[in-house]
Amino acid sequence: MFGNSILCSVSVYQDLGQAHPVEVDGIDFVVTVTLGSTLSSMIVGKTVLIDGAIALAIIIGLQFLLAYLAIKSKSMEKLINSKPTLLFYEGEFLKEHMERQVVTKEEIYAAVREYRLLDIEQVKAVVMELN
């Protein structure tokens, strides 16, 4: 039951603009889980439908408000969204950046393999992006 509500909230969230669940950032992930939890409570009857609908509307409204504020204010955008971080450059792992982003070498190797590159020497740079 809980898995179905998460799936439902992810599909609702996709309709709100995200292309794929893997592409959501931290705040979007929290919103998605919160939507799924609220929807789950509504489905199993722990929450009155009108209360759940109001909670869903508030959660979605807050998400849109944060997105709007990030667009309108550079300081809010910096607070809400992370900046791209260089993790690997010209054969060197940038340990300070990796520690700040809590990324391991194994995770970088895995990201490189996703692009079907077997040798890290083929890679000029690895950048951790917003999503």
Legend entry - residue 88, sole failed condition from (1) among the hydrophobic types (A, V, I, L, M, F, W, C); (2) closer than 26 Å to residue 30 by Cβ; (3) modelled with pLDDT of 90 or more: (2)
Inset, instruction - Could you tell me whether any residue of the stretch 17-25 is surrounded by 15 or more Cβ atoms within 10 Å (Cβ to Cβ) and modelled with pLDDT of 85 or more? - result: no
Legend entry - residue 77 being at pLDDT 90 or above, under 30 Å from residue 125 (Cβ atoms) and among the charged types (D, E, K, R): no
Legend entry - Residues being exposed (fewer than 13 other Cβ atoms within 10 Å of the Cβ) and either within 26 Å of residue 28 (Cα to Cα) or among the small types (Gly, Ala, Ser) (or both) - total across the stretch 114-131: 6
Legend entry - Search result, residues across the stretch 111-127 that are outside any helix (DSSP H, G or I) and either among the acidic types (Asp, Glu) or touching a Pro at 6+ places or on another chain (Cβ under 6 Å) (or both): 119, 127
Legend entry - Candidate set from the stretch 74-98 (those that are in a helix (DSSP H, G or I) and either among the polar types (S, T, N, Q) or under 19 Å from the mean Cα position of the chain (by Cα) (or both)); member that is surrounded by the fewest Cβ atoms within 10 Å (Cβ to Cβ): 75
Inset, instruction - Looking for whichever is part of a helix (DSSP H, G or I) and assigned by TED's automatic domain parsing to the domain that holds residue 28 here; the options are 71, 108. Which one fits? - result: 71
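The values are calculated or read from the model by the stated rules, or taken from the named source; none is laboratory data. Keep in mind the model is a prediction, meaning the values are calculated, not measured. Neighbour counts are summed over all protein chains in view; Cβ atoms, including those assigned to glycine, are modelled from backbone coordinates with ideal geometry.
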